[in-house]
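Only one structure is covered here, and it is reproduced in the block below.
What follows is calculated from the coordinates using simple rules that are stated; it is not laboratory data. These numbers come from a predicted model, not from an experiment. Here the Cβ positions follow ideal geometry from the backbone for every residue, glycine too, while neighbour counts run over all protein chains shown.
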Amino acid sequence: MRIRPYIPERDFDIIKTWITQPREHAMWCANIMQFPLNRDDFEKVMNDIAQRCGDSPYVATTDEGRPVGFFCYSVNCETNAGKFKFVMVDPEMRGRGIGKEMLRLAAKYAFEITKADMVDLIVFSPNIGAKKCYESVGFTETESDSAPFSYNGETWKRCYMVMRNGGK
């Protein structure tokens, strides 16, 4: 697997097919983006989080270059904490360890290249598969918030998860 910067012209038309259900979309992005994904809105959100938070989008590919995963990453230089957002894997590749491998590489980048002391992410409570994936690579839940997200009559807690560099 390889990690490289997201290239809109090469990657968007592939990534937009990975989330096909409104509930899955809400779990992925908290409905920050339109469903189904469209290029203009996606790029607007990517540009906004780049400006506000310093996020950069990345794609995980097979060794042959086929996109199989996506995430955004930023590091806060004041706190030396990294943050992952919008983590997703091609549904055809789920259950094969792709998410784990992508997160291991992403964490390695965060710790070794950006020198973050820790990285964190948020996952909604009903997204059990994603939460298990994050735990399997070393993330631990630190808290669940008291201001849950509502989706079609459901209430989802935001689970805050963290991984520390070297187990610190």
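Please state the charge dipole magnitude for the stretch 2-120, taken about the Cα centre, from unit charges on C-beta atoms (+1 on K and R, -1 on D and E), reported in debye and rounded to the nearest 20.
With Lys and Arg at +1 and Asp and Glu at -1, about 240 debye.
Would you be so kind as to identify which of Gly82, Ile19, Val162 lies farthest towards the positive end of the dipole of the chain, taking Lys and Arg as +1 and Asp and Glu as -1 on Cβ and the Cα centre as origin?
The Cα lying farthest towards the positive end belongs to Val162.
At most 12 other Cβ atoms within 10 Å plus a DSSP loop assignment makes a site exposed; report the longest stretch of the chain without any exposed GluC sites (Glu not before Pro).
79-168
Through the Karplus equation 6.51 cos²θ - 1.76 cosθ + 1.60, θ set to phi - 60°, convert the phi angles of the stretch 115-127 into ³J(HN,Hα) values in whole Hz; use x for Gly and Pro.
Calculated HN-Hα couplings, in order: 6, 5, 7, 7, 10, 9, 7, 10, 9, 6, 3, x, 8 Hz.
Under a point-charge model restricted to the Cβ atoms of Lys and Arg (+1) and Asp and Glu (-1), what is the dipole moment magnitude of the stretch 58-145 relative to its Cα centre, in debye to the nearest 20?
That gives a dipole near 200 debye.
Report the local net charge at Phe139: Lys and Arg +1, Asp and Glu -1, summed over other residues whose C-beta lies under 9 Å from its C-beta.
Neighbour charge sum, excluding Phe139 itself: -2.
May I ask for the distance between the Cα centers of the stretch 107-156 and the stretch 18-96, given as a whole number of Å?
13 Å
Under the 0.36 nm per residue contour assumption, what length would be gained going from the current alpha-carbon distance of Lys16 and Arg104 to full extension?
Here the answer is 29.3 nm.
Treating the beta-carbon of each Lys and Arg as +1 and of each Asp and Glu as -1, no other charges, what is the dipole magnitude of the stretch 63-106 about its Cα centre, to the nearest 20 debye?
180 debye
I want to verify a result. In a Gaussian network model of the chain, Cα cutoff 10 Å, which of these has the top mean-square fluctuation: Cys77, Cys29, Cys133?
Comparing Cys77, Cys29, Cys133 in a Gaussian network model of the chain, the most mobile one is Cys77.
Among Phe111, Gly99, Tyr134, whose Cα sits farthest toward the positive end of the charge dipole of the stretch 78-157 (+1 at Cβ of Lys/Arg, -1 at Cβ of Asp/Glu, about the Cα centre)?
Gly99
Please tell me which of these pairs span more than 22 angstrom C-alpha to C-alpha: Lys85/Lys132; Lys16/Lys85; Lys44/Lys108; Lys83/Lys132; Lys44/Lys115; Lys85/Lys108?
Too far apart for the 22 Å limit: Lys44/Lys108; Lys44/Lys115.
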